[in-house]
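The values are calculated or read from the model by the stated rules, or taken from the named source; none is laboratory data. Quick caveat: nothing in here was measured; it's all calculated off a predicted structure. FYI the Cβ positions are ideal-geometry reconstructions off the backbone, even for glycines, and counts take in every protein chain you see.
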Amino acid sequence: MRIAKTTDKRRIRGERSKQAIVKAAISCIARRGLHDATLERVAQKAKVSKALVAFHFKSKTGMLGAVLDHQETIFEKGWDAILAGNSISTSGTLLELLDYDVRFSVEYRDFISVWHAYWGEPEGNSLYRNLSQPRDERYEKDVRRLLSNLTKEGKYNDINITAVERGINAMVFGIWRDSHLANGPNDYSNGMQAIYAYLQKVFPLHYKPKVFRKKKSL
């Protein structure tokens, strides 16, 4: 019994230290890029030894893979919660997913910076393609399925679903880029207004027209 409790405590401590290292790596990558996010710098940020970082992840590549998995798991959990939720309409589910996507870029700005680092640096690009792109393709498939259902519901016979999905994807990516580079106070509201205006033009029977007024300066 005592041996089992000791083993559990060690496992818990190990998991906590591993998570602390991953969070430190995210902070380092967001601010310095992949190249300068060395095991030494991450260990210093996490206030642990380099040996402990190597013990958990074996190499820098292992650490970078763990960072991707951590971020993707958090995003995926929120996405899946919406799909499993109680939205009564296809249009409502799609809007909730896109709202989540845009809000994520505001609430997890470091994550967005990290993903940009992976996309832009050779050592991260191949990792991203292998570990994260399959999940991206799954999210795109979810969106296309909802768009297909909307098209059938509204009998929008002339809509190119793939083109509409590409348009949405491009808008969201642009919003993420702006969140990464500009970090403005109205990133979320402006992003969602743009997406709603797009959906309203494509699916007028499902999304009623809205007037978006410029906020007055205080």
Give V106, V53 a once-over and let me know the one that is at pLDDT below 95 and among the aliphatic types (A, V, I, L, M). V106
Any idea which residue in segment 168-178 is farthest from F203 (Cα to Cα), counting only those that are surrounded by 15 or more Cβ atoms within 10 Å (Cβ to Cβ) and without any contact (Cβ under 8 Å) to a residue 60 or more places away in the chain? D178
Condition first: surrounded by fewer than 16 Cβ atoms within 10 Å (Cβ to Cβ), in contact with a helix residue (DSSP H, G or I) (Cβ under 9 Å, 6 or more places away or on another chain) and among the charged types (D, E, K, R). Now tell me which residues in segment 179-214 satisfy that. K208, K210
Residue check, E153 loosely packed, with under 15 Cβ neighbours inside 10 Å, within 16 Å of the chain's Cα centre (by Cα) and at pLDDT 95 or above: no
How many residues, within segment 22-61, are assigned to a helix (DSSP H, G or I) and either under 15 Å from Y118 (Cβ atoms) or under 20 Å from the mean Cα position of the chain (by Cα) (or both)? 13
Which members of segment 187-202 meet the condition of being of a type in the set (F, W, Y) and within 12 Å of V164 (Cβ to Cβ)? Y198
